[in-house]
Amino acid sequence: MEDLVAYIAKSLVNDPSQVKVRRKVTHSAVILELHVAPEDVGRIIGKDGRVANSIRALLRVADSQNNRDKRIILEIN
């Protein structure tokens, strides 16, 4: 999952070297923290959050094939 988020983010931003994805696991969820350069945050979020919501939708689809009990949460920092 981290690779998918990193690939999508690097394709969208102006400075792909600043893209970092960190994974945190809790008892009920897997949290993916996406860090990008401050000037690229708007590119990741998109107008009205459409790009961020699209990335989250892709994560849900990819996760549904793994049959896990945990949710995947994307946090953009």
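The values are calculated or read from the model by the stated rules, or taken from the named source; none is laboratory data. Everything numeric in this text was worked out from a predicted model, so none of it was measured. Quick reminder, even Gly has a Cβ in these numbers, built from the backbone with ideal geometry, and neighbours come from all protein chains shown.
Selection over region 36-54 of residues that are over 11 Å from the mean Cα position of the chain (by Cα), in contact (Cβ under 8 Å) with a residue 24 or more places away in the chain and assigned to a helix (DSSP H, G or I) gives a count of 4. Restricting to region 25-37, name every residue that is at pLDDT 95 or above and not hydrophobic (A, V, I, L, M, F, W, C). Glu33, His35, listed by residue number. The set of residues in region 1-28 being assigned to a strand (DSSP E or B) and either surrounded by 13 or more Cβ atoms within 10 Å (Cβ to Cβ) or in contact with a Cys (Cβ under 7 Å, 6 or more places away or on another chain) (or both) consists of Lys20, Val21. Return the only residue of Glu75, Glu33 being surrounded by 15 or more Cβ atoms within 10 Å (Cβ to Cβ), of a type in the set (D, E, K, R), outside any helix (DSSP H, G or I) and under 13 Å from the mean Cα position of the chain (by Cα). Going through Glu75, Glu33 in turn, the sole match is Glu33.
Quick check on Ala57: is it in a helix (DSSP H, G or I) and in contact with a helix residue (DSSP H, G or I) (Cβ under 8 Å, 6 or more places away or on another chain)? When the stated conditions are applied, Ala57 does not pass them.
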